[in-house]
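What follows is calculated from the coordinates using simple rules that are stated; it is not laboratory data. All values derive from a computational prediction rather than experimental measurement. Note: ideal-geometry Cβ built from the backbone for every residue, glycine included; neighbour counts use all protein chains shown.
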Amino acid sequence: MTANRLRILLLAHAALLLPTVAATAQEAAADAAVVNEAEIVVSARRREEKLIDVPVAVTAFSQADLQKFQAIDLSGLQAAAPNVNIVQGRGSAASANIFIRGLGQPDALQTFDPAVGIYVDGVYLSRIQGALLNLFDVERIEVLRGPQGTLYGKNTTGGAISIVSRKPDLNTVKAEASALYGSYNQLVLNGYVNAPIIGDRVALSLAGQWDKRDGLVTDPLTNRRYNDRDSLTFRGILRAKPTDSFELLVSGDYNRQRNALTLGYPTAPLLRTDFALGAQQLVAANPYGAYDFRASTSFRGNEGQRLDHWGVNVTANWQLSDAITLTSITSWRKLDPDLFVDIDASQAELGDVFVGIDQRQFSQEVQLKWDTERFSGVFGLFYLNENIRSHQEAYADDLFSFLGGPLTFLRTIDDAQNTKSYAAFGQATYRFTDRLSLTAGLRYTHEERTYDRFTTTVSNLGALNGLSFRFPGSLPAPFNTDNKAEYDAWTPSVTLAFKPDDNSQIYASASRGFKAGGFNGRANSINDLTLVVNGTPTLVTRFDPETVWTYEGGAKASFLDGRVFLSGTVFYSDFRDFQARVGGGAVAVFPVLNAGRMSIWGVEAEAVVKPTRMWTVRGSLGWLDAQYKEFNDGRRPPTFSCNPTGNQITCTPAFAPPITLTLATDYRIPVGEAGTITLGGDARFVDEHFLSVDNRPGLKEPGYWLANAFVRFDSADRRWYLQGGVKNLTDARYRTDGQEFSSVGNIQTVYFGDPRTFNVMVGFRF
């Protein structure tokens with residue numbers, strides 16, 4: 001079956017799904033009422049509102065949903081919402097590559113910001129390292145699709161993910177514990193305890209998770225195992241409510257990871273450049289045949305991946321009057337990863353690197369919320385100060401040779417960046433009638449960045465030995481002092497919403513998003529910063545901000561006493577100065593370019609249907625038509641080429657599958673007075689898409705299905721449960737990410753998702 005025919009069939013089936021399941025629900029309308037999905041509370045607009053009342057494309061997942069999806073970390077929500085792609089970052093056990101509506105950022109470069117914002121209890125996490133968060137103490141996760149620049153600020157051109165932790169209960173002592181054992185000796189232990197300390201005014205909750213698993217990948221040359229899991233996470237929350245009008249939340253969290261290397265698989269021949277003999281093949285493409293979780297590495301010691309990530313948050317809420325609430329969110333965070341990464345994923349030493357990062361951030365946000373019968377709004381100020389330093393080492397003793405004799409190569413890099421971001425924002429809703437409302441918002445962002453870099457090379461080849469470069473000091477005047485950049489942006493939004501009744505809504509919106517500019521953080525020489533602009537070699541030391549306007553229309557409806565919940569969205573996004581990290585030019589040159597324009601059309605649909613009290617069916621469909629309108633890379637002819645390699649016109653952006661589809665169901669069966677058995681499963685489809693901006697055949701995922709299933713027993717008193725599950729039921733081989741470093745030994749590496757695994761979990765509630 002061709003890909004086009006498959007897409008047509010999927011769209012047809014999805015179109016037929018909604019009326020079919022709605023009819024089923026109608027047949028069961030006589031049954032007792034069930035929980036209404038529209039009653040789910042979300043904070044997508046920085047205030048708690050019912051899902052049905054929020055004119056935003058948002059999907060919410062509860063703790064129960066996470067267990068049904070067997071999600072241990074964020075990657076467990078892969079394709080669970082329309083047009084959402086969440087996978088483990090390339091070559092790193094700690095990074096999260098998140099794409100929403102085709103927008104994201106797979107590169108962990110500290111001068112290149114993500115396009116999807118991650119928020120935990122209202123606190124922004126500025127790096128993709130450490131963002132693959134384990135989901136162990138979660139009340140809900142909200143996935144907001146589309147630009148969120150007014151309320152959530154910069155770097156949300158694709159959307160935002162908001163994780164809300166459980167608040168301590170002021171009145172009840174409770175505890176939970178669970179243990180999971182699965183394939184590859186996976187062991188996941190979860191614990192949670194909540195206890196009032198002072199009457200019903202002060203309470204404390206403590207939660208922790210230990211997640212450990214043997215490696216999935218074996219190196220046939222050494223029999224060592226890689227791609228494992230080893231994570232320990234804690235969170236404590238102190239909640240104080242001394243008066244009915246004041247609440248204080250103090251939370252602290254810590255995550256410790258100690259992993260082996262994360263290996264991919266080379267999809268192109270790896271080459272050495274001999275200065276006398278020319279290019280020589282070191283490793284064949286797909287060296288062990290079709291991928292079966294075998295791969296090699298040149299690292300032979302205990303080089304692995306270590307991460308420590310912690311933070312303290314203080315949130316205060318004052319109810320100043322019946323209409324006015326003041327909120328303060330203060331946060332300190334520290335991220336400390338030391339990562340060895342084998343980019344070429346082979347026994348050759350071509351793209352072997354060490355990256356050590358010391359990142360610290362402080363943020364402060366103040367919100368004033370106003371609620372009256374006709375008028376409501378949120379107004380605020382935001383400040384972020386981030387300092388990030390890194391030490392990097394690149395090992396490439398196999399990259400060059402002369403007459404077969406090896407030439408050693410080591411490059412060390414030390415850089416530092418400081419970012420200060422200031423913002424003022426406001427968003428207000430005026431209700432003309434009980435049915436018609438207008439929401440308008442505006443955010444002003446001012447950002448200041450300072451960047452310094454020093455790199456040097458050590459080699460037994462004299463021409464390479466001792467080469468050094470300092471940014472900006474090694475540049476000619478006046479660029480030799482130009483290490484500071486400032487950016488300003490206005491990000492407005494407007495939404496018109498109409499509610500035909502209390503259980504439905506129709507809305508239309510326009511919003512602007514902004515992603516900050518920055519410095520090219522992989523520059524090792526003046527040549528790396530010299531680009532051809534209008535036919536003239538030009539020194540370009542930074543890239544400009546990326547902006548997007550998105551126009552959206554949507555509808556939501558709940559009917560049949562909550563048995564059916566439907567939502568749908570149609571949108572168009574117009575990007576200007578689209579940022580892209582490209583490769584394929586001179587050796588080891590990977591600049592970030594403002595490539596030009598990109599447009600994305602899309603459709604999203606979600607349905608939750610409950611034919612009976614015991615049966616739930618969920619479905620979602622995402623469709624994207626993403627196209628480059630301009631892709632300007634003056635280093636290569638032609639000047640305009642949708643494909644950054646310059647060889648052909650391929651106008652499809654990376655990580656933008658035309659179709660994402662999810663179908664899920666669970667059915668509960670009463671077992672007398674003993675309890676309930678639940679049978680459930682889900683199937684997800686992710687269409688073909690490129691895994692790198694440079695659209696190379698080896699860095700393409702042809703499309704895949706994932707199927708998961710579980711069976712669960714809950715005791716009648718809900719005090720304990722037993723669950724067994726299988727993930728990737730069909731043992732599909734699917735590519736999640738790719739590395740394009742073709743200018744270094746022709747490196748083109750892909751990373752694969754997990755094979756079929758089984759697990760059993762037991763849990764207790766006290």
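With the simple model of a label 7 Å out from the Cα in the direction of the Cβ, residue 277 to residue 688 spans 3.8 nm. The length gained on full extension between residue 422 and residue 612, counted as 0.36 nm times the residue separation minus their Cα-Cα distance, comes to 63.3 nm. Per-peptide packing, taken as the mean over residues of other Cβ atoms within 10 Å, places 86-92, 374-380 in the sequence 86-92, 374-380 from highest down.
Computed over the chain, the P(r) curve from all C-alpha pair distances, binned at 10 Å from the origin, holds 3, 13, 24, 27, 20, 9, 3, 1, 0 percent per bin. Compared with the direct C-alpha span, the chain from residue 733 to residue 222 gains 181.6 nm at full extension, assuming 0.36 nm per residue. Kindly identify the stretch 87-231 as rounded, prolate or oblate by the Cα gyration tensor criterion: order the square roots of the eigenvalues as a ≥ b ≥ c, call it rounded if a/c is under 1.5, otherwise compare a/b with b/c, prolate if a/b is larger, else oblate. Oblate shape, in that a/c is at least 1.5 and b/c is the bigger or equal ratio. Coupling constants for the stretch 460-470 follow from the phi torsions by the Karplus curve (6.51 cos²θ - 1.76 cosθ + 1.60, θ = phi - 60°), and in residue order they are 7, 8, x, 5, 9, 5, x, 5, 9, 8, 10 Hz; glycine and proline get x. Just to confirm the filter: which trypsin sites (Lys or Arg not before Pro) across the stretch 692-753 are DSSP coil and have at most 16 other Cβ within 10 angstrom of their Cβ? Counting only loop positions with at most 16 other Cβ atoms within 10 Å, the trypsin sites (Lys or Arg not before Pro) in the stretch 692-753 are 718, 719, 733.
What residue among 248, 390, 259 has its Cα farthest toward the positive end of the dipole of the chain, where the charges are +1 on Lys, Arg and -1 on Asp, Glu, each on the Cβ? Result: 248, furthest along the dipole toward the positive end.
Which residues does the label zone of residue 720 cover in the stretch 738-766, counting backbone N under 18 Å from a point 7 Å along Cα→Cβ? Answer for this model: 760-766.
FRET efficiency for the pair residue 189 and residue 324, taken as 1/(1 + (r/R0)^6) with r the Cβ-Cβ distance and R0 = 41 Å, rounds to 0.40. Stretched out straight at 0.36 nm per residue, the stretch from residue 526 to residue 465 would grow longer than its current Cα-Cα span by 20.3 nm. Taking the C-alpha atoms only, the angle from helix 3-27 to the longest principal axis of the chain is near 10 degrees. Assuming charge only on the beta carbon of Lys and Arg (+1) and of Asp and Glu (-1), the dipole of the chain about its Cα centre is about 240 debye to the nearest 20.
Estimate the FRET efficiency between residue 245 and residue 402 by the formula 1/(1 + (r/R0)^6), using the beta-carbon distance for r and 56 Å for R0, to the nearest 0.05.
Between residue 245 and residue 402 the formula returns 0.15.
If R0 is taken as 30 Å, the Cβ-Cβ distance between residue 232 and residue 167 corresponds to a FRET efficiency of 0.80.
Label point 7 Å out from residue 312 along Cα-to-Cβ: which residues of the stretch 253-297 have amide N under 20 Å? Zone members listed by number: 253-256. Which of 167/420; 334/420; 50/154 have a Cα-Cα distance over 22 Å? The answer is 167/420; 50/154. Which shape class, rounded, prolate or oblate, goes with the stretch 474-572 when its Cα gyration tensor gives a ≥ b ≥ c as root eigenvalues, a/c under 1.5 marks rounded, and past that a/b bigger than b/c marks prolate? Judged from the Cα gyration tensor, the stretch 474-572 comes out prolate (a/c at least 1.5, a/b above b/c). In a reduced charge model with +1 at each Lys and Arg Cβ and -1 at each Asp and Glu Cβ, the stretch 322-460 shows a dipole moment near 940 debye about its Cα centre. Label sites at residue 338 and residue 484, each approximated as a point 7 angstrom past Cα along Cα to Cβ, lie 3.5 nm apart.
For the stretch 727-766, a crude dipole built from +1 on the beta carbon of Lys and Arg and -1 on the beta carbon of Asp and Glu, taken about the Cα centre, is about 260 debye to the nearest 20.
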